[in-house]
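I have placed the structure first, in the form of structure tokens, so that the comments after it can refer back to it.
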Amino acid sequence: TGGTGTFGTAMINFLLKNSKPKSIIVYSRDEMKQWYLKENLLKFKNIKFVLGDVRDKERLDSVLSNKIDYLFHAAATKIVPTSEFNPEECIKTNIIGAMNVIDCCKKNKVKRVIALSTDKASSPINLYGATKLCSDKLFVAQNSENVQTKFGVVRYGNVMASRGSIIPYFKSLINKPYFPITHPEMTRFFLSIEDAVKFSCFGMINMMGGEIFVKKIKSIKITDLAKSIKHNIKFKITGIRPGEKIHEQ
């Protein structure tokens, strides 16, 4: 799910390069992202693109009835300020969507499911983190009553250079006199998309059911990150945005 996002695209390429999947179903709601990704993968005949939303349980059920063995659940509403101001939409995707994925996977006897989580789900103070904590609890809880489908969770920090992230944002401001910084002490955990994909595969292969796998990652001060992009940059302090922590955990 969320198969045309940063993670989904990287996972598809990783699987095509390192394994021989009989079939990959890319399930997402963005038709333009599907179009572009499909154009890049025309030579692969084992990939099927399906337009659908995790909120739509009937649609999800019909797709999972195609004898799916393994599922990576990557669909999410995840931009913190957007989630704060559109709480209903965040809840529909991240919690109701998670429940739909769980129910449909159990019904269709999917063997293993890995749900992607975030460091923001640890002691959450924003809605995005709170909804992902709820989602994590839902996936973990299934393993006490269901033996046929195993559910696990992988939790990690910010993926470098993913859509909407801070590195491409700073790069777009490279010719400006200053970078906006919310707080001078702000830190974040960062990892590469390759590490995120390998870690998720590690979880899928090694899960017994019921785990939350937490990847150990180094953190970086956002001001240091900014200086690595432009060493003599000046900062304008804009203030912490709604739902932000100074340090994740």
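What is the extension gain from residue 173 to residue 192, computed as 0.36 nm multiplied by their sequence separation minus the C-alpha to C-alpha distance, in nm to one decimal?
Here the answer is 4.7 nm.
How much FRET efficiency would the formula 1/(1 + (r/R0)^6) give for residue 82 and residue 35, where r is the Cβ-Cβ distance and R0 is 25 Å, rounded to 0.05?
Computed FRET efficiency for residue 82 and residue 35 comes out at 0.60.
Can you give the relative contact order of the chain as a percent, counting alpha carbon pairs under 8 Å and 6+ residues apart?
Computed value for the chain: 19 percent relative contact order.
Per 10 Å bin from zero, what fraction in whole % of the C-alpha pairs of the range 28-91 is there, up to the bin with the longest pair?
All Cα pairs considered, the percentages come to 16, 40, 33, 10, 0.
Looking at the calculated P(r) for the range 129-200, what percent of the C-alpha pair distances fall above 17 Å?
64
If each of residue 216 and residue 58 carries a label point 7 Å out from its Cα toward its Cβ, how far apart are those two points in nm?
That separation, rounded to one decimal, is 5.0 nm.
Can you pick out the pairs among 107/215; 17/236; 137/221; 150/227; 48/221 whose Cα atoms lie more than 32 Å from each other?
With Cα atoms farther than 32 Å apart: 17/236; 150/227; 48/221.
Between the range 153-188 and the range 46-91, what is the separation of their alpha carbon centroids in Å?
The range 153-188 and the range 46-91 have Cα centres separated by 26 Å.
Starting from 0 in steps of 5 Å, tell me what percent of the Cα-Cα pairs of the chain lands in each bin.
Pairs per bin, as whole percents: 1, 6, 13, 17, 19, 16, 12, 8, 5, 2, 1, 0.
What length, rounded to one decimal in nm, is gained on full extension from residue 16 through to residue 42, with 0.36 nm per residue of separation minus their alpha-carbon distance?
8.1 nm
Okay, helix-only estimate at 222 nm for the chain: each DSSP H run of n ≥ 4 adds -39500 (n - 2.57), divide by all residues, round to 500 deg cm²/dmol; what do you get?
Helices in the chain give a 222 nm mean residue ellipticity of -11500 deg cm²/dmol.
Starting from one equal scatterer on each C-alpha and no solvent at all, send me the Debye-based log10 I(q)/I(0) for the range 164-216 at q = 0.12 Å⁻¹, two decimals.
Log-scaled intensity ratios, in q order: -0.48.
Coordinate-derived values only; no laboratory data. In this text, all values refer to a predicted model and were calculated from it rather than measured experimentally. Reconstructed Cβ throughout: ideal geometry from the backbone, glycine too, with neighbour counts over all protein chains shown.
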